[in-house]
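Asker: Can you keep this structure in mind? I'll have questions shortly.
Just so it is clear, none of the values below were taken in a lab; they were calculated from the coordinates. It should be emphasised that the depicted structure is a prediction, and the values quoted were computed from it without experimental measurement. Every residue, glycine as well, gets a Cβ built from its backbone with ideal geometry; the counts of neighbours run over all protein chains shown.
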Amino acid sequence: MSGLLCNREILLGVSGGVAAYKAADLCSRLVQSGAKVTVIMTESAHQFIGATTFEALTGRPVHSHAFKPQEHFQGEHIGLARRACLVVIAPATAQTIARLAHGMADDLLSTTVLVTTAPVIVAPAMNCDMWAKPAVQRNVAQLVSDGYHLVGPEEGWLSCGQIGAGRMADPGPILHTMQRLLTGEVGT
Ligand SMILES: Cc1cc2nc3c(=O)[nH]c(=O)nc-3n(C[C@H](O)[C@H](O)[C@H](O)COP(=O)(O)O)c2cc1C
């Protein structure tokens, strides 16, 4: 696994849910595997976890603003999309899933995902009643049909106190899917 990820450019998208803290663990495991990780946080994600955590883990700036480029002045979304060999969005909120399903490009993460030609893994995380909503299920089905790779969600304890489907997948299954995509075991 480490060998496969070594020196790979991974783009980690973090959207605004309580499970954003789990993205730090995933990020750390990617870095420990030798991957070069760049993080895009949505505006809401900043309510749940600090950019400093991801900057410390990756040794790179965290990107959040389409119009305040830090690296690519012809468009941060273009540069970040081109650099990535794999994109992982974890956690993926209902809002971010809706943006992707509808081809929206109204923040840096959705715009970058629209540009990338790399495989995109989506790890949803939300309240179980939210996950069960037809609108959310329609959007998820659209993503799968568009070729996105869904990992989770799992069933279990949710931060709202309910038990049900909506927990973000652990880093293990996400890393496993990355491995399968990199080896070509799963079609991109
Ligand atoms: C305490 C709290 C927890 C939340 N947790 C989630 C969540 O787990 N999943 C989700 O889809 N939305 C959650 N939301 C709502 C999102 O933060 C909100 O829809 C936001 O607009 C998502 O934007 P983003 O996708 O751009 O990050 C939560 C909101 C609050 C206040």
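Asker: Quickly run through the range 82-114 and pick out the residues that are without any contact (Cβ under 8 Å) to a residue 40 or more places away in the chain and away from the ligand (no atom under 15 Å from the Cβ).
Answerer: Within the range 82-114, ARG82, GLY103 meet the criteria.
Asker: Residue by residue through the range 38-67, note down the ones that are buried (at least 24 other Cβ atoms within 10 Å of the Cβ) and either touching a Cys at 6+ places or on another chain (Cβ under 9 Å) or more than 23 Å from LEU100 (Cα to Cα) (or both).
Answerer: Correct list: VAL39, PHE54.
Asker: Which members of the range 4-41 meet the condition of being assigned to a loop (DSSP other than H, G, I, E, B) and closer than 19 Å to ASN127 by Cα?
Answerer: Pass one, the range 4-41, residues assigned to a loop (DSSP other than H, G, I, E, B): 6-8, 15-19, 33-35.
Hits for the range 4-41 are SER15, GLY16, GLY17, VAL18, ALA19.
Asker: Out of all the residues in the range 2-23, which are more than 15 Å from the ligand (Cβ to nearest atom) and surrounded by fewer than 19 Cβ atoms within 10 Å (Cβ to Cβ)?
Answerer: Across the range 2-23, the qualifying residues are SER2, GLY3, LEU4, CYS6, ASN7, ARG8, GLU9.
Asker: Quick one: which of ALA66, ALA56 is hydrophobic (A, V, I, L, M, F, W, C) and farther than 21 Å from THR93 by Cβ?
Answerer: It is ALA56.
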